1. Would you compute, for the Cα atoms of region 176-228, the largest minus smallest coordinate along each principal axis and list the three values in descending order, in whole Å?
2. Across region 227-325, how large is the tail of the calculated P(r) beyond 23 Å, expressed as a percent of all Cα pairs?
3. From the square roots a ≥ b ≥ c of the eigenvalues of the alpha-carbon gyration tensor of region 71-119, which class results: rounded (a/c under 1.5), prolate (a/b over b/c), or oblate?
4. Any chance you could give the angle, 0 to 90 degrees and rounded to 10, that helix 46-56 forms with the longest Cα principal axis of the chain?
5. List the equivalent ellipsoid semi-axes of region 1-86 in whole Å, largest first, each obtained as the square root of 5λ for an eigenvalue λ of the Cα gyration tensor.
6. Let me check against my output: what whole-number percent is the relative contact order of region 82-239, with C-alpha pairs under 8 Å and at least 6 apart?
7. I need the shape label for region 90-231. Rule: rounded when a/c is under 1.5, else prolate if a/b > b/c, else oblate, with a, b, c from the alpha carbon gyration tensor.
8. For the Cα atoms of the chain, what angle does the longest principal axis make with the long axis of helix 77-86, in degrees from 0 to 90, nearest 10?
Amino acid sequence: MVPWVVGRALRRLRLAAGVLALVGASVLFVRAFVVDYWGYDASDLEPIVVAGVLLERGQADHLYDHDPRLFNQLDSPPHRIAARDLGVRSDARPFVMPPVIAVAARPLVGIRYVVLGRILLIANLVAALAALWLLDRRFALGLVSPWGGALTLLFLDQFEPMRSAAELGQTTPLVFLAIVATIVLDGRGRQVGAGLCLAFATLLKLGPGLLVVPLLLRRRWRAAASFGGAIAAAMVVGVVGAGPGATATWIGRMLELSQQSFPAFNNQSLAAFLLRFERPMQEIFTWRLFAVAPAYRIASLVLLAGGLGLAAYLVRRGRRAAADAARDAARDDVVWSLGVVLVLVVPSISWNHYYLYALIPAACVWRHRRPEQGFLPAALVVVGLAMMWRGFGLGSNLFFHGNMLVSGCVLGLALIATALVAVARPPRVAPVTRASSGDAAQGAG
């Protein structure tokens, strides 16, 4: 009787401590992301709203004005005037999103810019938490519990991709939610919804469009068709709303940027990682554009081919094996995660806040690591995520010297990708010896 009473008391005490920790973590989270950023500049929201203003004023020909040498600079009087009229405090920045986004921004012109920034801030926080909730549902991470929730909020408080997205007024958490929703809906057989979510993510950030490859490899034809149809419809809306000239300019600008990169600290692509080895340290604080060297392009293409080849091999091997729901789900998770890794490192420009998506392969490894693999996959995930944590000075707030310290996101992802490849390997089957088979036959007899 006494042990049962003590056990129940301990469980209640642990629950109370967990609730108290969750309340404390929630206070810190709200302080960090709501109170501190309530009056922030939302500088990366500015190009979107300004694009809507330019269309409203009939200045679509200035939509994609840019500086050919510095990515973050813009010497365009129409942009500056529109930003000033909106009450934007930060410098004007170039607009690089598809024309349909400018068309969608036109109804926002009459809303005060500071209000738009606060709406985006709340939407980003809700989207990030919703995406983590869906990840927990998919991978059984144990986040939806007092202690799990507290640790999650404390982690996000200093997670560089989340901090950077909130500080800049980025749409990355919305894209993160769309990518996770794509994976979840695909797993539930809702292909049309999965394709539409992926199209939404692609229109905001072009990189996620690469994730159509897992759909094609796994013959999700309806999902791929809905993705392609949504993208085509969005392009038509852009042509009608912004004009064919602006659309052609945007396509040319994207092709140009695909051949360029810069060594700034918040560019965490493979090309930028390599470029930082050859450029002076001072240039991590600039956004000067450089042509991507052929060797760097080859390295990115080799990585792309290797990742897609591994994904294709896993899918093909799964078709040959007998049907097994748990194994098939694990294989699909690994294929999706490989795609996310490629989305992050292969493009020539990959901002540090994009690495919010890295939580997807990290969750995959955590869920599908096998007991015989020991602690190594879990340790690689923990260290990899820690390298993206602002608390260790590997983010965008502290700089020392050399390339490594400013490349925490891409190096951390390399560790997570290593663990992912280990998880993707089939488990070893112990060979059946003649003696053991004879013993089995004798036992059966």
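1. Principal-axis extents of the Cα atoms in region 176-228, largest first: 24, 17, 14 Å.
2. On the way: 2679 of 4851 pairs.
The calculated P(r) of region 227-325 puts 55 percent of pairs beyond 23 Å.
3. oblate
4. 50 degrees
5. Numbers: eigenvalues 637, 30, 25 Å².
Calculated on Cα positions only, the semi-axes equal 56, 12, 11 Å.
6. Numbers: 142 pairs, mean separation 40.8, N = 158.
Reported relative contact order: 26 percent.
7. Cα axes put region 90-231 in the oblate bin.
8. 70 degrees
Bear in mind these aren't lab numbers, they're just calculated from the coordinates by the rules spelled out. Note that the structure is predicted; figures quoted are calculated from it, not measured. Because the Cβ atoms are built from the backbone with ideal geometry, glycine has one as well, and the counts that use them run over all protein chains shown.
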